[in-house]
1. Just checking, which of A50, A16 is modelled with pLDDT under 95 and either in contact with a Phe, Trp or Tyr (Cβ under 6 Å, 6 or more places away or on another chain) or hydrophobic (A, V, I, L, M, F, W, C) (or both)?
2. If you take the residues of region 1-17 that are assigned to a helix (DSSP H, G or I), in contact (Cβ under 8 Å) with a residue 12 or more places away in the chain and of a type in the set (A, V, I, L, M, F, W, C), which of them is surrounded by the fewest Cβ atoms within 10 Å (Cβ to Cβ)?
3. If you go through region 19-35 one residue at a time, do you hit one that is out of contact with any strand residue (DSSP E or B) (no Cβ under 9 Å at 6 or more places or on another chain), basic (K, R), assigned to a helix (DSSP H, G or I) and at negative phi?
4. Please indicate, with yes or no, whether at least one residue in region 35-44 is open to solvent by 80 Å² or more (accessible area, probe 1.4 Å), touching a Lys or Arg at 6+ places or on another chain (Cβ under 9 Å) and not basic (K, R).
Amino acid sequence: MSIEETSAYCNISKQALAQLRYTGKGPKFLKPTARTVLYRKGDVDDWMDANEQISTAHPQY
């Protein structure tokens, strides 16, 4: 999936995805060329599942 598709799928901004890539806290991504970033849907789903929360009182950071 492209950055735009992943952004829409996760309902987060492209800038937030860029920050998550930079910090290493986002979903795994592919970089086939210097200017291309792609995501596998399964990796994005796995990342979202791993960050599932049931309360705001105790975040899993």
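1. Working: A16 fails: modelled with pLDDT under 95.
When all the criteria are applied, what remains is A50.
2. I3
3. Quick first cut of region 19-35, residues out of contact with any strand residue (DSSP E or B) (no Cβ under 9 Å at 6 or more places or on another chain) only: 19-20, 22-28, 33-35.
Adding the requirement that they be basic (K, R) leaves 25, 28, 35.
Among the residues that remain, those that are also assigned to a helix (DSSP H, G or I) are: none.
Scanning region 19-35 turns up no residue that is out of contact with any strand residue (DSSP E or B) (no Cβ under 9 Å at 6 or more places or on another chain), basic (K, R), assigned to a helix (DSSP H, G or I) and at negative phi.
4. Step one: filter region 35-44 for residues open to solvent by 80 Å² or more (accessible area, probe 1.4 Å), giving 35, 40-41.
Right, trim to touching a Lys or Arg at 6+ places or on another chain (Cβ under 9 Å) and you get 40.
Still in the list and also not basic (K, R): none.
There is no residue in region 35-44 that is open to solvent by 80 Å² or more (accessible area, probe 1.4 Å), touching a Lys or Arg at 6+ places or on another chain (Cβ under 9 Å) and not basic (K, R).
The values are calculated or read from the model by the stated rules, or taken from the named source; none is laboratory data. None of these values were measured; they are calculated from a predicted model. Don't worry about glycine lacking a Cβ; one is built from the backbone with ideal geometry, like all the others, and counts go over all protein chains shown. We work out accessible area using only protein heavy atoms, side chains counted, and drop any ligands, DNA or RNA first. Shrake-Rupley method; radii C 1.70, N 1.55, O 1.52, S 1.80 Å.
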